[in-house]
1. Exactly one condition in (1) under 15 Å from I224 (Cα atoms); (2) part of a helix (DSSP H, G or I); (3) not small (G, A, S) is not met by I155; state its number.
2. Got a sec? Which of F201, F217, F229 is surrounded by 13 or more Cβ atoms within 10 Å (Cβ to Cβ), touching a Phe, Trp or Tyr at 6+ places or on another chain (Cβ under 6 Å), assigned to a helix (DSSP H, G or I) and assigned by TED's automatic domain parsing to the domain that holds E144?
3. So which of Q127, Q142, Q157, Q218 ends up being closer than 29 Å to A46 by Cβ, in contact with a helix residue (DSSP H, G or I) (Cβ under 7 Å, 6 or more places away or on another chain) and in contact (Cβ under 8 Å) with a residue 12 or more places away in the chain?
4. Scan the stretch 226-262 residue by residue and report those that are under 26 Å from the mean Cα position of the chain (by Cα) and among the polar types (S, T, N, Q).
5. Could you tell me whether the stretch 185-196 includes any residue that is of a type in the set (V, I, T) and either in contact with a strand residue (DSSP E or B) (Cβ under 9 Å, 6 or more places away or on another chain) or closer than 17 Å to N101 by Cβ (or both)?
6. Go through I140, I100 for me and flag whichever is assigned to a loop (DSSP other than H, G, I, E, B) and under 19 Å from the mean Cα position of the chain (by Cα).
7. Determine, yes or no, whether D71 is free of Cβ contacts under 8 Å to residues at least 60 places away in the same chain and more than 30 Å from A141 (Cβ to Cβ).
Amino acid sequence: MFTSDDLVLSLCDEVWKWRLKESPELASFCGIHEYDDLWDDISAEAYTRREKCVQDFLAKAVAIDISSCSDKVALSLTLLIDDIQSYLKGSHFKSYLMPINYLEGIHNDCNQIIASYMNYKTKEDFQKYVRRLENLPKRIAQVEEALRQGVREEIVQHSASVAKVPSQIDELIHIPLESHELLKPFTKAPESISKTDLDEFKSKAKEVLTSQVFPAFQKLKNYIENEYFHNLRPNEGISSIKDGDQWYQQCLDYHLSCFMTPQQIHDLGLKEVARIEEQILKLAEAEGLGQTLPDILAEIKKDRTIFLLLRKKFWSLLETCATTK
């Protein structure tokens, strides 16, 4: 007979394994290498399927009698339900239709995933690496598909978020091949893999990059420059697109441990800035540094002994952190 604790732990394990399978990129990051030959499926169909799976997980979670769980496991169940509900609330806004910007996206992620997150200890690891390269063009094409659907549904980026993307793609595809990050695995190959096998893997990787991956990135760049840039949202804030205000609130709900509106957070921020500034002015006056922030900064810059004291304090703090458990 399974206890409520057993049911919760089993469900948590099921959800986690599902997440790793649905996100091979996350799995690689977490050191799980079962799916190292695959990429995340970011198609609209995949997100629809995932939403149904998450709804099923929620039904299983709320059916468990939390009152009969131990305190620790009850907390795990509460957090799991909150996480699932947050996902379902956020799915309405279709953020997957904006899968690329100058900070995030496959053009920035592919190098790190391949060069830093994957294993390169066996021949099988390199076989997965080559297959992942072969699967990369499909992942890139899905970015364009998502952007196109975003244009149709008017869920699009602002120019500030994507203006640099074409030049970033250019840099990625025009790096000399031998020094490319996507070929970095061959610099860390173990001696247990024969030179013949490594040469074969490297030759195949180069062929895939030049004939499939780089052209796929070039196609994405062309679409962004020639079409997507003509359909960007007018204002920086998410409020300028459909359901933007509700979307922003949902983001806050996800990140905060209590409910606050954007205006409340803004007002709190102003209040904190004023409080901190008041403390700075009081301390500066006591030290004879001036009565306005510009005067204080100018005085600090003139007195090099202040920097020396700060430097000594910094190293002392660093030493304390390094030697104290």
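The values are calculated or read from the model by the stated rules, or taken from the named source; none is laboratory data. Everything numeric in this text was worked out from a predicted model, so none of it was measured. Cβ atoms come from the backbone with ideal geometry, glycine included; neighbour counts cover every protein chain shown.
1. (2)
2. Details: F217 fails: touching a Phe, Trp or Tyr at 6+ places or on another chain (Cβ under 6 Å); F229 fails: touching a Phe, Trp or Tyr at 6+ places or on another chain (Cβ under 6 Å).
Exactly one of F201, F217, F229 is surrounded by 13 or more Cβ atoms within 10 Å (Cβ to Cβ), touching a Phe, Trp or Tyr at 6+ places or on another chain (Cβ under 6 Å), assigned to a helix (DSSP H, G or I) and assigned by TED's automatic domain parsing to the domain that holds E144, namely F201.
3. On the way: Q127 fails: in contact with a helix residue (DSSP H, G or I) (Cβ under 7 Å, 6 or more places away or on another chain); Q142 fails: in contact with a helix residue (DSSP H, G or I) (Cβ under 7 Å, 6 or more places away or on another chain); Q157 fails: in contact with a helix residue (DSSP H, G or I) (Cβ under 7 Å, 6 or more places away or on another chain).
From the options Q127, Q142, Q157, Q218, the qualifying one is Q218.
4. Answer for the stretch 226-262, where residues must be under 26 Å from the mean Cα position of the chain (by Cα) and among the polar types (S, T, N, Q): N231, N235, S239, S240, Q246, Q249, Q250, S257, T261.
5. Step one: list which residues in the stretch 185-196 are of a type in the set (V, I, T), which gives 187, 193, 196.
When the remaining residues are screened for being either in contact with a strand residue (DSSP E or B) (Cβ under 9 Å, 6 or more places away or on another chain) or closer than 17 Å to N101 by Cβ (or both), the result is none.
Taking every residue of the stretch 185-196 in turn, none turns out to be of a type in the set (V, I, T) and either in contact with a strand residue (DSSP E or B) (Cβ under 9 Å, 6 or more places away or on another chain) or closer than 17 Å to N101 by Cβ (or both).
6. Numbers: I140 fails: assigned to a loop (DSSP other than H, G, I, E, B).
Residue meeting the stated conditions: I100.
7. Numbers: free of Cβ contacts under 8 Å to residues at least 60 places away in the same chain: yes; more than 30 Å from A141 (Cβ to Cβ): yes.
Spelling it out, D71 is indeed free of Cβ contacts under 8 Å to residues at least 60 places away in the same chain and more than 30 Å from A141 (Cβ to Cβ).
Conditions tested, residue by residue: (1) surrounded by fewer than 18 Cβ atoms within 10 Å (Cβ to Cβ); (2) in a helix (DSSP H, G or I); (3) within 23 Å of the chain's Cα centre (by Cα); (4) without any contact (Cβ under 8 Å) to a residue 24 or more places away in the chain.
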| site | (1), (2), (3), (4) |
| --- | --- |
| M1 | yes, no, no, yes |
| L7 | no, yes, no, no |
| L11 | no, yes, no, no |
| R19 | yes, yes, yes, yes |
| I32 | yes, no, yes, yes |
| R50 | no, yes, yes, no |
| L58 | yes, yes, no, no |
